[in-house]
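The block underneath contains the structure these notes are about, expressed in structure tokens.
The values are calculated or read from the model by the stated rules, or taken from the named source; none is laboratory data. These figures come from a predicted structure and were not determined experimentally. Glycine also receives a Cβ, built like all others from the backbone with ideal geometry; neighbour counts cover every protein chain displayed.
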Amino acid sequence: MKNKLKLITNLWLLLTLLCIGCVQSQPASTPTAPPPPSSTPLPAAPTATATLPVEIEAAYQNPQLPIEARVADLLARMTLAEKIGQMTQVEKNSIQKDDLTTQAIGSLLSGGGGYPTPNTPAAWARMVNEFQEYALRSRLGIPLIYGVDAVHGHNNVAGAVIFPHNIGLGAANDPELMARIGRVTAAEMAATGVYWDFAPVVAVSQDIRWGRTYEGYSENTALVATLGTAYLRGLQGDSLADPATVLGTPKHYVGDGGTAWGSAAIGTYHLDTGVTEVDEATLRAVHLSPYVAAIEAGAQSIMISYSSWGGSKLHGQKYLITEVLKGELGFEGFTVSDWGGIDRIAPDYYDAVVTAINAGVDMAMVPFDYERYIATVTRAVEAGDISTERIDDAVRRILRVKFALGLFEQPFAAEMLLAEVGSPAHRAVAREAVAKSLVLLKNAEETLPLPTDLPRLYVTGQAADDIGQQCGGWTIEWQGKLGDITPGTTILQAIRASVAATTTVDYDPTGRFETVQGQVPVCIAVVGETPYAEGVGDRADLALSVNDVRMLERLRARCDQLVVVLISGRPLIVTEQIDYWDALVAAWLPGTEGQGVADGLFGARPFTGKLPYTWPRAMEQLPLSRLTADGGAPLFPFGYGLER
Ligand code: BGC
Ligand code: BGC
């Protein structure tokens, strides 16, 4: 076999030398014609041919060739079934592994909480590598691209560093830091064989009642564009082919942050997946610009939004996907549907699939019943409802990115990076981000920073000692989870680590402090929201919980100065309570590195964060458009933040 191959290759070399110039004339086979057997050597660019190693059988396998040549070569060899396979993304627990081989499935994903057992970085690498082996055994050996929502670090992986959610990074507003966070996240992902990140969220949330507010950087378009592209550049590096870089995915195209209350498509949701009721000029000015910036910064994959605009769901909008995104904005990468997003655009699945693909959706995040998806696309192509040109366009876009990522050369996990997952160096970047994300909203009589040598300190609030709560949604589980879900430093641990050996720190989550006596100079209360994700977090009422309010009132009597640290995915209504607080710090959802919070409280780092969202006085001021129209004063304006 090897010898025969060698013979063919040599023969080919000879032919090529005799025939420089005829190299471009290879006819592309049509999808109906049987593809040439994969061992048939194809023409290659003459300059590259000389370095072609003997084991390279086909042009598409030759890394020396330009990507477009490799794409064209591979596409010409593919059957319709293989092409449709490439357009299919399956949730990892739903895949029959053999189908990766026999149907050339293009992609798998872990949804929120889609971890292997045990949930360790090494087990992730083993899991993804095994899937990859099945894919590489397919007729043409096209590698799989595995995707996850690494929206604040590689957040489904226990032991990975968890960064602040984007709302906190919006407050930090530090593009250079964003790029470093992107690099760290990419390295932790690459270590596990995951080269595709469904991030950044470049939603420009106009209503903080939305459960995805924290996934976005800001209500301000320019800030979103700046930070989103900085992060994307960090993820993707100078070259996607670098083993420590991954593909980013600005999402959700377009207008996801502009939906109207009560317009949601899912029963229990209010805003999420709803209708963006704005005219085209507003859609472009507020919601589209971050995509323009992201494409300029090299975005190669974009996820379509569940939301609707102009009377129909984005997943079926040819105008916005094909004409605007791919045409006007010149996007050359591929689009991916959201999770089951195609199913939602029409009651009839056939209609839904035809509409979505013809609108310009290139890959479907199916995510479960891929047999049905594949059968439906096949039927639609055979019936002429989806053209082979559209299929080829979609597959060309997907393959282009796979080649650019270097997956054909390095399909497996970059396991040399495993030791870096959750490393002290990576955690240091997150700690810095946490400190920079803190927004000091009130600081009566310069309460903060606190001296480190206080005799005694009361710390209260469930959120003070709960890694899961300080991480929020999209951490280990889709909805996040309270408790000790992944290694990290709680805020309480960080406080203890920051004070002098002579300081007594008492902790009572209820704020009763029944076993200790008397008044203390300072109390730190950590209160706020418990984890949620997506529409599950849509809320009509953003008041502090009754329990938190009572606890704070109780506590007030026990301390000279009361410092409140808010853990939340958005501004909460604190108008009635703030008067009796001495200091208020918005810490957002800081992630695993609670030490960054203590760095601010005790002055190891200055407070520099600024509000990325307007802080309302009352629910009646929401959404933002109402506040703007009414001309009322919020509790704190956009951009507010004391410096200390
Ligand atoms: C979310 C996306 C996410 C996908 C996969 C969807 O529900 O809207 O943001 O990428 O699930 O987890
Ligand atoms: C998955 C998420 C996904 C969501 C969509 C969940 O079961 O874990 O990744 O975003 O479903 O509804």
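Scanning the range 494-508 turns up no residue that is at pLDDT 95 or above, within 28 Å of Asn155 (Cα to Cα), within 16 Å of ligand 1 (Cβ to nearest atom) and of a type in the set (S, T, N, Q).
Given the condition within 16 Å of ligand 1 (Cβ to nearest atom) and either touching an Asp or Glu at 6+ places or on another chain (Cβ under 7 Å) or free of Cβ contacts under 8 Å to residues at least 12 places away in the same chain (or both), answer yes or no: does some residue in the range 358-366 qualify?
Yes: the range 358-366 contains one or more residues that are within 16 Å of ligand 1 (Cβ to nearest atom) and either touching an Asp or Glu at 6+ places or on another chain (Cβ under 7 Å) or free of Cβ contacts under 8 Å to residues at least 12 places away in the same chain (or both).
Yes/no matrix, rows are residues, columns are (1) closer than 28 Å to Ala264 by Cα; (2) surrounded by 20 or more Cβ atoms within 10 Å (Cβ to Cβ); (3) touching a Pro at 6+ places or on another chain (Cβ under 6 Å):
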{"site": "Val536", "(1), (2), (3)": "yes, no, no"}
{"site": "Ala540", "(1), (2), (3)": "yes, no, no"}
{"site": "Asn547", "(1), (2), (3)": "no, no, no"}
{"site": "Glu553", "(1), (2), (3)": "no, no, no"}
{"site": "Ile567", "(1), (2), (3)": "yes, yes, no"}
{"site": "Val574", "(1), (2), (3)": "yes, yes, no"}
{"site": "Ile578", "(1), (2), (3)": "no, no, no"}
{"site": "Asp582", "(1), (2), (3)": "no, yes, no"}
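What tally of residues in the range 129-141 results from selecting those that are in a helix (DSSP H, G or I) and surrounded by fewer than 24 Cβ atoms within 10 Å (Cβ to Cβ)?
7
Is at least one residue of the range 277-285 in contact (Cβ under 8 Å) with a residue 40 or more places away in the chain, hydrophobic (A, V, I, L, M, F, W, C) and assigned to a helix (DSSP H, G or I)? There is at least one residue in the range 277-285 that is in contact (Cβ under 8 Å) with a residue 40 or more places away in the chain, hydrophobic (A, V, I, L, M, F, W, C) and assigned to a helix (DSSP H, G or I).
Among the residues in the range 395-405, are any away from ligand 2 (no atom under 16 Å from the Cβ), without any contact (Cβ under 8 Å) to a residue 12 or more places away in the chain and in a loop (DSSP other than H, G, I, E, B)? Within the range 395-405, not a single residue is away from ligand 2 (no atom under 16 Å from the Cβ), without any contact (Cβ under 8 Å) to a residue 12 or more places away in the chain and in a loop (DSSP other than H, G, I, E, B). Look at (1) surrounded by fewer than 17 Cβ atoms within 10 Å (Cβ to Cβ); (2) touching a residue at least 60 places away in the same chain (Cβ under 8 Å) and you find that Arg558 fails only one, number (1). In this structure, does Ile208 turn out to be touching a Leu at 6+ places or on another chain (Cβ under 7 Å), in the same structural domain as Arg180 (by TED's automatic domain parsing) and either part of a helix (DSSP H, G or I) or more than 29 Å from Ala413 (Cα to Cα) (or both)? It is true that Ile208 is touching a Leu at 6+ places or on another chain (Cβ under 7 Å), in the same structural domain as Arg180 (by TED's automatic domain parsing) and either part of a helix (DSSP H, G or I) or more than 29 Å from Ala413 (Cα to Cα) (or both). Residues that are part of a helix (DSSP H, G or I) and under 22 Å from the mean Cα position of the chain (by Cα) were ranked within the range 106-128; the one that is farthest from ligand 2 (Cβ to nearest atom) is Ala122.
Take the range 332-344 and flag every residue that is surrounded by fewer than 24 Cβ atoms within 10 Å (Cβ to Cβ) and either in a helix (DSSP H, G or I) or away from ligand 2 (no atom under 13 Å from the Cβ) (or both). Of everything in the range 332-344, those that are surrounded by fewer than 24 Cβ atoms within 10 Å (Cβ to Cβ) and either in a helix (DSSP H, G or I) or away from ligand 2 (no atom under 13 Å from the Cβ) (or both) turn out to be Glu332, Gly333, Asp343, Arg344. Restricting to the range 93-105, give me the number of residues that are within 16 Å of ligand 1 (Cβ to nearest atom) and either without any contact (Cβ under 8 Å) to a residue 12 or more places away in the chain or not in a helix (DSSP H, G or I) (or both). So the count comes out to 1. The set of residues from the range 142-194 being in a helix (DSSP H, G or I), more than 19 Å from Pro121 (Cβ to Cβ) and not basic (Lys, Arg) comprises Asn166, Ile167, Gly168, Leu169, Gly170, Ala171, Ala172, Pro175, Glu176, Leu177, Met178, Ala179.
Among the residues of the range 295-311, not a single one is assigned to a helix (DSSP H, G or I), within 20 Å of Val354 (Cα to Cα) and not polar (S, T, N, Q).
Which of the residues belonging to the range 81-92 are away from ligand 1 (no atom under 16 Å from the Cβ) and either at positive phi or surrounded by 17 or more Cβ atoms within 10 Å (Cβ to Cβ) (or both)? Result: Glu82, Lys83, Ile84, Gly85, Gln86, Met87.
Going by the conditions given, is Asp348 assigned by TED's automatic domain parsing to the domain that holds Ala294, among the acidic types (Asp, Glu), within 16 Å of ligand 1 (Cβ to nearest atom) and out of contact with any Lys or Arg (no Cβ under 7 Å at 6 or more places or on another chain)? Considered against the rule, which asks whether it is assigned by TED's automatic domain parsing to the domain that holds Ala294, among the acidic types (Asp, Glu), within 16 Å of ligand 1 (Cβ to nearest atom) and out of contact with any Lys or Arg (no Cβ under 7 Å at 6 or more places or on another chain), Asp348 comes out as no. Determine whether the range 259-272 contains at least one residue that is of a type outside the set (Asp, Glu), under 20 Å from Ile302 (Cα atoms) and in contact with a helix residue (DSSP H, G or I) (Cβ under 7 Å, 6 or more places away or on another chain). No: the range 259-272 contains no residue that is of a type outside the set (Asp, Glu), under 20 Å from Ile302 (Cα atoms) and in contact with a helix residue (DSSP H, G or I) (Cβ under 7 Å, 6 or more places away or on another chain). Against the test of being touching a residue at least 60 places away in the same chain (Cβ under 8 Å), surrounded by 23 or more Cβ atoms within 10 Å (Cβ to Cβ) and not in a helix (DSSP H, G or I), the options Thr268, Thr273, Thr229 yield a single qualifying residue, Thr273. When Leu440 is tested against the conditions (1) within 30 Å of Ala583 (Cβ to Cβ); (2) touching a His at 6+ places or on another chain (Cβ under 6 Å), the lone failure is (2). How about the range 107-166: which of its residues are under 15 Å from Val90 (Cβ atoms) and within 13 Å of ligand 1 (Cβ to nearest atom)? Those that are under 15 Å from Val90 (Cβ atoms) and within 13 Å of ligand 1 (Cβ to nearest atom): Ser107, Leu108, Leu109, Ser110, Gly111, Gly114, Tyr146, Gly147, Val148. With respect to the stated conditions, Lys326 is more than 16 Å from ligand 2 (Cβ to nearest atom), within 21 Å of Val201 (Cα to Cα) and assigned by TED's automatic domain parsing to the domain that holds His252. The single condition among (1) surrounded by fewer than 22 Cβ atoms within 10 Å (Cβ to Cβ); (2) touching a residue at least 12 places away in the same chain (Cβ under 8 Å) that Glu389 does not meet is (2).
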